[in-house]
Amino acid sequence: MRAIDLFCGAGGMSLGLTRAGFQIVQGYDANEKALRVHGANLRRPLDRLFKRDRHRKADLADLLTMAPTIAALEPDIIVGGPPCQDFSSAGKRQEGRNASLTLGFAVAIITARPAWFVMENVPRARKTKTYAKARALFVKAGYGLTEVVLDGSRYGTPQMRKRFFAVGRLGEADGFLTSAIAEAASPRRMSIRDALGDDVGVHPGGDHPPEARAFFMRPYTGHSGVRSIDLPCPTLLRSAHEGPQNWYTDHERDMAPSALVDPLPMDVLSRIQGFPADWDWLDIPATRQRMLMIANAVPPPLAEAVGRVILARERGESIPTTEKAFDAWLQKGRRGLTGQSLRNRRLHLKQARKLLGGRILADLDAELALLERAEGFSTLSTNAKSDLRRALRSHAKWRAEVAAKRKARAEARLEKLRTPVPRRPLGAPVRVPASAAFLEAAE
């Protein structure tokens, strides 16, 4: 699949997708230094031979210029992580210009209309007004959305880095890839020792066992800064390479006094983010400038895992898992399916999904039409064909009921927010809760 990487930075997303099997046809970013790193590491041999540059400096806020340029490349998928500083818990949480680039990303998608897209951001982005506007554009353009928060430590990255992913595909029903992404997760979190071995960090001293290793990393307020390599690393920030300053007070959970434990060197932090040991950072100094590039990158193993799930579905190699809630729905009311009848309906749905290449189309008529054209469907008996159609209709009806209930709840919440809170007239007595009045009387 031909991919375009918007906000490509130093190349984390591009590297992961390349490993998964995608072809990166163009990378865009506003940071020239990050683009140089991206190009130095990801330029293909033929590009070097013919001196082709697939890395462009671009401002995605310039939609009139960028959207048609991106569309002209005819990508199969567009990926990107719009700047997250306006959304991040480490930022000011004000939706300014950086947040508006999420809308720029959405406009690029609906202009180019690739079959797929992937947007990555901090978890909080999902609840913002900016993403709500972008989401509305995606839906209106005909994209089904799978929206999940993923923990990098369960996808090959030794870091507790939680990120929001929105994966879109034209014509699909919402949630079409949720089960496949969940199945790709490891049941066990990856620790730093799992990924990098025993020679990371220092022995914390005291009565810790000989194999114990610790490192210092600037924590969020009130958390421990001296940590074990037998756990995943916290989310990398631009200050991850810095030692304890006079603002840090040793925490009760620290493995050792912070003054005795060094932070991890930047080459190790780069590998914790998922970059290979031989990743060329060119002449970018090992200061906050390089650390920011590392911290802003999508971890390549996480991008690779998501990319492999997408490619498997694109090739028809995976199908969605039947939801337990759908099973419960089949057993209720007049449907009342039990025993063999229930098992048959589930089996028929699974068979239909296999013939459809794993697709769950939002439009039932389109889904049934695609089933009729599917290879192998015409050879089935009349009864078998009817069973598969019935299974798809049942699943579509259940999804519609779930969507209607979700919409009703959302409208109720919105109506509650719109309802004005009655103001107490000036000079009116304040009503004291009974419990408070009791306490006052007791005193």
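In this structure, is H241 touching a strand residue (DSSP E or B) at 6+ places or on another chain (Cβ under 8 Å), crowded, with 21+ Cβ neighbours inside 10 Å and of a type outside the set (D, E, K, R)? Judged against the criteria, H241 is a match. Against the criterion of being surrounded by fewer than 17 Cβ atoms within 10 Å (Cβ to Cβ), not in a helix (DSSP H, G or I) and not basic (K, R), G316 qualifies.
Flag: T146 matches the condition of being of a type in the set (V, I, T), in contact with a strand residue (DSSP E or B) (Cβ under 6 Å, 6 or more places away or on another chain) and under 20 Å from D174 (Cα atoms). Does region 205-215 contain at least one residue that is modelled with pLDDT under 95, in a loop (DSSP other than H, G, I, E, B) and surrounded by 20 or more Cβ atoms within 10 Å (Cβ to Cβ)? Checked against the condition, which is being modelled with pLDDT under 95, in a loop (DSSP other than H, G, I, E, B) and surrounded by 20 or more Cβ atoms within 10 Å (Cβ to Cβ), region 205-215 yields no hits at all.
Only one residue in K350, K354, K324 is without any contact (Cβ under 8 Å) to a residue 12 or more places away in the chain and either surrounded by 10 or more Cβ atoms within 10 Å (Cβ to Cβ) or more than 15 Å from F176 (Cβ to Cβ) (or both), so which one is that?
Only one candidate passes the filter, namely K324.
From the set of residues in region 245-275 that are touching a residue at least 40 places away in the same chain (Cβ under 8 Å) and assigned to a loop (DSSP other than H, G, I, E, B), which is surrounded by the fewest Cβ atoms within 10 Å (Cβ to Cβ)? Only one residue fits best here, namely D262.
The values are calculated or read from the model by the stated rules, or taken from the named source; none is laboratory data. Since the structure is predicted, the reported quantities are computational estimates derived from the model, not experimental observations. Quick reminder, even Gly has a Cβ in these numbers, built from the backbone with ideal geometry, and neighbours come from all protein chains shown.
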